[in-house]
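Okay, structure first, notes after.
The values are calculated or read from the model by the stated rules, or taken from the named source; none is laboratory data. This one's a predicted model, so the numbers in the text were calculated from it and none came from an experiment. Glycine also receives a Cβ, built like all others from the backbone with ideal geometry; neighbour counts cover every protein chain displayed. When the accessible area is computed, the model is the full protein with side chains, heavy atoms only, and any ligands, DNA or RNA have been set aside. Shrake-Rupley method; radii C 1.70, N 1.55, O 1.52, S 1.80 Å.
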Amino acid sequence: MMFPLQGVQMLQTLEKSLRKSLPVSLKVYGAVFHMTHGNPFKLKALVDKWPDFNAVVIRPEEQEMTDDLDHYTNTYQIYSKDLKNCQEFLSSPEVINWKQHLQIQSSQSSLNEVIQNLAAMKSFKVKQTQCILYMTPEMAKKLAPSLLDGKNLSPDDGKPTDINQEMFRLSSLDVTHAALVNKFWHFGGNERSQRFIERCIRNFPNKCLLGPEGTPVSWCLMDQTAEIRMAGTTPEYRAQGLVSYVIYHHTQALDKLDFPIYSHTDKSNIIMQKMSLSLCHIPMPCDWNQWNCIPL
(Lines give C-alpha, C1' and ligand atoms only; values in the text may rest on other atoms or scores of the structure.)
Protein backbone atom coordinates (compact mmCIF):
# COMPACT_ATOMS: atom_id res chain seq x y z
CA MET A 1 0.00 0.00 0.00
CA MET A 2 1.07 3.56 -0.73
CA PHE A 3 -0.46 6.82 0.53
CA PRO A 4 0.38 10.24 -0.93
CA LEU A 5 0.13 12.96 1.71
CA GLN A 6 -2.11 15.81 0.59
CA GLY A 7 -2.15 19.32 2.00
CA VAL A 8 -0.02 21.39 4.36
CA GLN A 9 -1.60 19.98 7.53
CA MET A 10 -0.55 16.39 6.74
CA LEU A 11 2.94 17.55 5.77
CA GLN A 12 3.30 19.50 9.01
CA THR A 13 2.26 16.39 10.95
CA LEU A 14 4.92 14.43 9.03
CA GLU A 15 7.51 17.14 9.72
CA LYS A 16 6.74 17.02 13.44
CA SER A 17 7.10 13.24 13.48
CA LEU A 18 10.39 13.33 11.54
CA ARG A 19 11.79 15.88 14.00
CA LYS A 20 11.63 13.20 16.72
CA SER A 21 13.94 10.97 14.64
CA LEU A 22 16.67 13.49 13.83
CA PRO A 23 19.40 13.17 12.69
CA VAL A 24 18.63 9.87 10.87
CA SER A 25 15.56 11.46 9.23
CA LEU A 26 17.50 14.60 8.21
CA LYS A 27 17.38 14.37 4.40
CA VAL A 28 13.65 13.68 4.42
CA TYR A 29 13.01 16.34 7.08
CA GLY A 30 14.79 18.98 4.98
CA ALA A 31 12.81 18.08 1.86
CA VAL A 32 9.50 18.27 3.75
CA PHE A 33 10.51 21.70 5.07
CA HIS A 34 10.73 22.99 1.48
CA MET A 35 7.43 21.28 0.63
CA THR A 36 5.66 23.26 3.35
CA HIS A 37 7.33 26.49 2.15
CA GLY A 38 6.17 26.72 -1.45
CA ASN A 39 7.47 23.35 -2.74
CA PRO A 40 9.52 24.88 -5.60
CA PHE A 41 10.85 21.48 -6.76
CA LYS A 42 7.30 20.04 -6.95
CA LEU A 43 8.01 17.15 -4.58
CA LYS A 44 5.51 14.73 -3.09
CA ALA A 45 5.56 12.57 0.04
CA LEU A 46 4.54 8.91 -0.01
CA VAL A 47 4.08 6.78 3.12
CA ASP A 48 3.27 3.10 3.59
CA LYS A 49 0.44 3.94 6.02
CA TRP A 50 -0.91 6.96 7.88
CA PRO A 51 -0.57 8.39 10.43
CA ASP A 52 1.60 5.65 11.98
CA PHE A 53 3.93 5.30 8.99
CA ASN A 54 6.97 3.02 8.91
CA ALA A 55 8.49 4.36 5.68
CA VAL A 56 8.38 7.70 3.90
CA VAL A 57 9.70 8.53 0.43
CA ILE A 58 10.03 12.04 -0.97
CA ARG A 59 10.15 12.21 -4.75
CA PRO A 60 9.30 14.60 -7.59
CA GLU A 61 5.89 14.54 -9.24
CA GLU A 62 5.83 12.22 -12.29
CA GLN A 63 5.59 15.13 -14.75
CA GLU A 64 8.93 16.43 -13.43
CA MET A 65 10.74 13.16 -14.19
CA THR A 66 10.58 13.19 -17.99
CA ASP A 67 14.30 12.55 -18.63
CA ASP A 68 15.11 8.92 -17.81
CA LEU A 69 18.84 9.75 -17.63
CA ASP A 70 18.56 12.77 -15.31
CA HIS A 71 19.42 11.37 -11.88
CA TYR A 72 19.73 14.91 -10.47
CA THR A 73 15.98 15.35 -10.94
CA ASN A 74 15.11 11.66 -10.42
CA THR A 75 16.16 11.80 -6.76
CA TYR A 76 14.41 10.14 -3.82
CA GLN A 77 14.85 10.82 -0.10
CA ILE A 78 14.01 7.88 2.16
CA TYR A 79 13.50 7.37 5.88
CA SER A 80 12.28 4.11 7.41
CA LYS A 81 11.52 3.13 10.99
CA ASP A 82 11.44 -0.54 10.00
CA LEU A 83 14.14 -1.39 7.46
CA LYS A 84 13.26 -5.10 7.48
CA ASN A 85 9.80 -4.42 6.09
CA CYS A 86 10.35 -1.38 3.86
CA GLN A 87 11.74 -3.35 0.91
CA GLU A 88 8.27 -4.27 -0.38
CA PHE A 89 7.17 -0.62 -0.21
CA LEU A 90 10.26 0.57 -2.12
CA SER A 91 9.90 -2.14 -4.77
CA SER A 92 6.57 -0.70 -5.96
CA PRO A 93 6.86 1.16 -9.31
CA GLU A 94 4.36 3.70 -7.91
CA VAL A 95 6.90 4.61 -5.26
CA ILE A 96 10.19 4.42 -7.22
CA ASN A 97 10.61 4.25 -10.99
CA TRP A 98 13.41 1.68 -11.14
CA LYS A 99 13.56 1.93 -14.95
CA GLN A 100 15.21 5.36 -14.75
CA HIS A 101 18.70 6.51 -13.80
CA LEU A 102 18.10 7.73 -10.26
CA GLN A 103 19.58 8.74 -6.91
CA ILE A 104 18.48 7.73 -3.44
CA GLN A 105 19.53 9.86 -0.48
CA SER A 106 19.23 8.95 3.18
CA SER A 107 20.91 9.45 6.55
CA GLN A 108 20.45 5.71 7.18
CA SER A 109 23.45 3.72 5.94
CA SER A 110 21.60 0.54 7.00
CA LEU A 111 19.34 1.14 3.99
CA ASN A 112 22.22 -0.18 1.84
CA GLU A 113 21.21 -3.81 2.36
CA VAL A 114 17.64 -3.09 1.20
CA ILE A 115 18.88 -1.24 -1.91
CA GLN A 116 21.35 -4.03 -2.76
CA ASN A 117 18.50 -6.57 -2.47
CA LEU A 118 16.35 -4.44 -4.77
CA ALA A 119 19.25 -4.15 -7.24
CA ALA A 120 19.33 -7.95 -7.52
CA MET A 121 15.54 -8.10 -7.94
CA LYS A 122 15.13 -5.18 -10.35
CA SER A 123 18.40 -5.59 -12.30
CA PHE A 124 20.19 -2.31 -11.77
CA LYS A 125 23.75 -1.32 -10.93
CA VAL A 126 24.19 0.63 -7.70
CA LYS A 127 27.04 2.76 -6.35
CA GLN A 128 26.95 4.00 -2.75
CA THR A 129 28.64 7.25 -1.71
CA GLN A 130 29.05 7.74 2.03
CA CYS A 131 30.11 11.05 3.57
CA ILE A 132 30.31 12.78 6.95
CA LEU A 133 27.08 14.56 7.86
CA TYR A 134 27.23 17.87 9.74
CA MET A 135 24.59 20.01 11.44
CA THR A 136 25.01 23.61 12.52
CA PRO A 137 24.97 24.20 16.29
CA GLU A 138 22.00 26.57 15.83
CA MET A 139 19.93 23.81 14.22
CA ALA A 140 21.01 21.24 16.80
CA LYS A 141 20.03 23.60 19.62
CA LYS A 142 16.53 24.05 18.15
CA LEU A 143 15.76 20.57 16.89
CA ALA A 144 18.08 18.02 18.51
CA PRO A 145 19.67 19.52 21.66
CA SER A 146 21.02 16.16 22.86
CA LEU A 147 23.58 16.35 20.02
CA LEU A 148 25.18 19.27 21.87
CA ASP A 149 25.75 17.27 25.07
CA GLY A 150 29.34 17.70 26.22
CA LYS A 151 30.04 20.51 23.74
CA ASN A 152 30.76 23.86 25.39
CA LEU A 153 30.16 26.33 22.59
CA SER A 154 30.37 30.05 23.31
CA PRO A 155 28.49 32.61 21.16
CA ASP A 156 31.78 33.65 19.52
CA ASP A 157 32.77 30.09 18.53
CA GLY A 158 32.70 29.35 14.83
CA LYS A 159 33.15 32.90 13.58
CA PRO A 160 35.52 32.94 10.58
CA THR A 161 38.50 35.24 10.26
CA ASP A 162 37.91 38.59 8.56
CA ILE A 163 38.53 38.98 4.86
CA ASN A 164 39.67 41.94 2.77
CA GLN A 165 36.30 43.65 2.28
CA GLU A 166 37.75 46.12 -0.22
CA MET A 167 38.68 43.20 -2.46
CA PHE A 168 35.69 40.90 -1.84
CA ARG A 169 31.98 41.71 -1.64
CA LEU A 170 29.26 39.45 -0.20
CA SER A 171 26.48 38.90 -2.74
CA SER A 172 24.15 36.26 -4.24
CA LEU A 173 24.63 33.98 -7.21
CA ASP A 174 22.89 34.65 -10.48
CA VAL A 175 21.71 31.88 -12.83
CA THR A 176 24.52 32.90 -15.21
CA HIS A 177 27.00 31.72 -12.54
CA ALA A 178 25.73 28.11 -12.69
CA ALA A 179 28.42 27.05 -15.18
CA LEU A 180 31.15 28.17 -12.77
CA VAL A 181 29.60 26.29 -9.83
CA ASN A 182 29.10 23.23 -12.05
CA LYS A 183 32.75 23.23 -13.11
CA PHE A 184 33.94 22.77 -9.52
CA TRP A 185 31.12 20.61 -8.10
CA HIS A 186 32.34 17.11 -7.25
CA PHE A 187 29.03 15.54 -8.39
CA GLY A 188 28.61 17.83 -11.42
CA GLY A 189 30.46 18.79 -14.57
CA ASN A 190 27.74 17.98 -17.13
CA GLU A 191 24.67 19.55 -18.76
CA ARG A 192 22.14 17.90 -16.45
CA SER A 193 24.00 18.93 -13.30
CA GLN A 194 24.17 22.51 -14.61
CA ARG A 195 20.39 22.58 -15.12
CA PHE A 196 20.00 21.30 -11.54
CA ILE A 197 22.30 24.04 -10.21
CA GLU A 198 20.40 26.69 -12.20
CA ARG A 199 17.18 25.49 -10.60
CA CYS A 200 18.69 25.64 -7.10
CA ILE A 201 19.96 29.19 -7.72
CA ARG A 202 16.52 30.31 -8.93
CA ASN A 203 14.59 28.80 -6.04
CA PHE A 204 16.70 28.84 -2.87
CA PRO A 205 18.76 31.36 -0.87
CA ASN A 206 22.49 31.35 -1.65
CA LYS A 207 25.61 33.39 -1.00
CA CYS A 208 28.81 34.19 -2.85
CA LEU A 209 31.82 36.47 -2.64
CA LEU A 210 32.47 38.62 -5.68
CA GLY A 211 36.15 39.19 -6.40
CA PRO A 212 37.96 42.21 -7.85
CA GLU A 213 36.66 41.36 -11.36
CA GLY A 214 33.04 41.36 -10.11
CA THR A 215 32.59 37.61 -10.62
CA PRO A 216 32.12 34.93 -7.92
CA VAL A 217 35.32 33.58 -6.36
CA SER A 218 33.62 31.59 -3.57
CA TRP A 219 30.04 30.40 -3.06
CA CYS A 220 27.60 28.03 -1.38
CA LEU A 221 24.01 27.14 -2.23
CA MET A 222 21.17 24.97 -1.02
CA ASP A 223 19.45 21.99 -2.65
CA GLN A 224 15.84 20.76 -2.51
CA THR A 225 16.46 19.03 0.84
CA ALA A 226 17.61 22.28 2.56
CA GLU A 227 21.20 20.98 2.59
CA ILE A 228 24.09 23.41 2.02
CA ARG A 229 25.80 21.92 -1.03
CA MET A 230 28.04 22.83 -3.96
CA ALA A 231 30.29 25.12 -1.90
CA GLY A 232 33.56 26.02 -3.57
CA THR A 233 36.28 28.54 -4.31
CA THR A 234 38.14 29.16 -7.56
CA PRO A 235 41.72 27.79 -7.39
CA GLU A 236 43.49 31.17 -7.44
CA TYR A 237 41.61 32.34 -4.32
CA ARG A 238 41.86 29.22 -2.16
CA ALA A 239 43.51 29.01 1.29
CA GLN A 240 42.27 32.49 2.25
CA GLY A 241 39.27 31.40 4.36
CA LEU A 242 36.77 32.66 1.78
CA VAL A 243 34.46 29.63 1.71
CA SER A 244 34.32 29.63 5.55
CA TYR A 245 33.28 33.29 5.42
CA VAL A 246 30.56 32.62 2.81
CA ILE A 247 29.16 29.56 4.58
CA TYR A 248 29.13 31.32 7.96
CA HIS A 249 27.17 34.31 6.64
CA HIS A 250 24.84 32.08 4.61
CA THR A 251 23.99 29.86 7.59
CA GLN A 252 23.46 32.89 9.84
CA ALA A 253 20.93 34.30 7.36
CA LEU A 254 19.19 30.91 6.98
CA ASP A 255 18.98 30.48 10.74
CA LYS A 256 16.99 33.73 11.00
CA LEU A 257 14.53 32.26 8.48
CA ASP A 258 14.26 29.03 10.55
CA PHE A 259 15.70 26.82 7.81
CA PRO A 260 17.11 23.44 8.85
CA ILE A 261 20.83 23.83 8.10
CA TYR A 262 23.21 20.94 7.48
CA SER A 263 25.87 19.76 5.05
CA HIS A 264 28.14 16.86 4.16
CA THR A 265 31.83 16.43 3.45
CA ASP A 266 33.69 13.62 1.71
CA LYS A 267 35.59 11.38 4.13
CA SER A 268 38.82 12.05 2.21
CA ASN A 269 38.38 15.84 2.10
CA ILE A 270 40.41 16.81 5.17
CA ILE A 271 40.44 20.53 4.27
CA MET A 272 36.62 20.80 4.28
CA GLN A 273 36.41 18.67 7.45
CA LYS A 274 38.73 21.15 9.22
CA MET A 275 36.65 24.04 7.88
CA SER A 276 33.42 22.46 9.19
CA LEU A 277 34.96 22.00 12.62
CA SER A 278 36.32 25.57 12.60
CA LEU A 279 32.71 26.76 12.07
CA CYS A 280 31.65 24.49 14.98
CA HIS A 281 29.47 22.36 12.69
CA ILE A 282 28.70 19.16 14.56
CA PRO A 283 29.48 15.76 12.98
CA MET A 284 26.43 13.53 13.21
CA PRO A 285 26.41 9.96 14.58
CA CYS A 286 24.91 8.86 11.24
CA ASP A 287 26.27 9.21 7.68
CA TRP A 288 25.23 11.11 4.57
CA ASN A 289 24.43 8.46 1.94
CA GLN A 290 23.68 8.58 -1.75
CA TRP A 291 23.03 5.58 -3.98
CA ASN A 292 23.32 6.07 -7.75
CA CYS A 293 21.18 3.46 -9.50
CA ILE A 294 21.45 2.63 -13.21
CA PRO A 295 19.18 0.04 -14.91
CA LEU A 296 21.03 -2.82 -16.61
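Starting from the stretch 224-248, keep only residues that are farther than 24 Å from residue 166 by Cβ, then list their pairs with residues that are assigned to a helix (DSSP H, G or I) and aromatic (Phe, Trp, Tyr) whose Cβ atoms are within a distance under 7 Å, requiring at least 6 positions of separation or different chains.
That search, which allows pairs on different chains as well, returns 226/33.
Give me the residue from the stretch 1-31 that is closer than 24 Å to residue 148 by Cα and β-branched (Val, Ile, Thr) and, out of that set, farthest from the chain's Cα centre (by Cα).
This residue is 24.
Considering only the stretch 226-235, state which residues are under 15 Å from residue 136 (Cα atoms) and of a type outside the set (A, V, I, L, M, F, W, C).
227, 229
Which residue, of 199, 195, is of a type in the set (D, E, K, R), closer than 27 Å to residue 66 by Cβ and crowded, with 17+ Cβ neighbours inside 10 Å?
199
Every residue in the stretch 249-272 that is within 17 Å of residue 157 (Cβ to Cβ) and either over 18 Å from the mean Cα position of the chain (by Cα) or open to solvent by 30 Å² or more (accessible area, probe 1.4 Å) (or both), please.
Of everything in the stretch 249-272, those that are within 17 Å of residue 157 (Cβ to Cβ) and either over 18 Å from the mean Cα position of the chain (by Cα) or open to solvent by 30 Å² or more (accessible area, probe 1.4 Å) (or both) turn out to be 249, 252, 255.
Based on this model, can you work out whether residue 258 counts as under 25 Å from residue 74 (Cα atoms) and charged (D, E, K, R)?
no
With of a type in the set (A, V, I, L, M) and more than 24 Å from the chain's Cα centre (by Cα) as the only criterion, which of 167, 135, 139 stands out?
Only one candidate qualifies: 167.
Given the condition closer than 23 Å to residue 284 by Cβ, touching a helix residue (DSSP H, G or I) at 6+ places or on another chain (Cβ under 7 Å), modelled with pLDDT of 95 or more and assigned by the TED database to the domain that holds residue 249, answer yes or no: does some residue in the stretch 192-203 qualify?
No, every residue in the stretch 192-203 fails to be closer than 23 Å to residue 284 by Cβ, touching a helix residue (DSSP H, G or I) at 6+ places or on another chain (Cβ under 7 Å), modelled with pLDDT of 95 or more and assigned by the TED database to the domain that holds residue 249.
Which of the residues spanning the stretch 158-178 are surrounded by 12 or more Cβ atoms within 10 Å (Cβ to Cβ) and not hydrophobic (A, V, I, L, M, F, W, C)?
158, 159, 160, 169, 171, 172, 174, 177
How many of the residues in the stretch 144-157 are open to solvent by less than 100 Å² (accessible area, probe 1.4 Å) and either out of contact with any helix residue (DSSP H, G or I) (no Cβ under 7 Å at 6 or more places or on another chain) or in a loop (DSSP other than H, G, I, E, B) (or both)?
Within the stretch 144-157, residues that are open to solvent by less than 100 Å² (accessible area, probe 1.4 Å) and either out of contact with any helix residue (DSSP H, G or I) (no Cβ under 7 Å at 6 or more places or on another chain) or in a loop (DSSP other than H, G, I, E, B) (or both) number 8.
Quick one: what pairs do we get from the stretch 100-128, first residue in contact (Cβ under 8 Å) with a residue 12 or more places away in the chain, second open to solvent by 10 Å² or more (accessible area, probe 1.4 Å) and basic (Lys, Arg), C-beta under 8 Å, 6+ apart or different chains?
These pairs meet every condition: 119/125.
Within the stretch 117-134, is there a residue that is of a type in the set (Val, Ile, Thr) and closer than 24 Å to residue 277 by Cα?
Yes, that holds for at least one residue.
Can residue 188 be described as surrounded by fewer than 23 Cβ atoms within 10 Å (Cβ to Cβ) and either among the charged types (D, E, K, R) or in contact (Cβ under 8 Å) with a residue 12 or more places away in the chain (or both)?
Taking the combined requirement at face value, the residue satisfies it.
When you check residue 246 against the structure, is it crowded, with 17+ Cβ neighbours inside 10 Å and in contact with a Cys (Cβ under 6 Å, 6 or more places away or on another chain), yes or no?
Here the answer is yes, as residue 246 does meet what is asked.
For a quick check of your reading of the model, give me the residue pairs whose first member lies in the stretch 1-25 and is surrounded by 14 or more Cβ atoms within 10 Å (Cβ to Cβ), whose second is acidic (Asp, Glu) and at pLDDT 95 or above, with beta-carbon atoms closer than 9 Å and at least 6 apart or on different chains.
3/48
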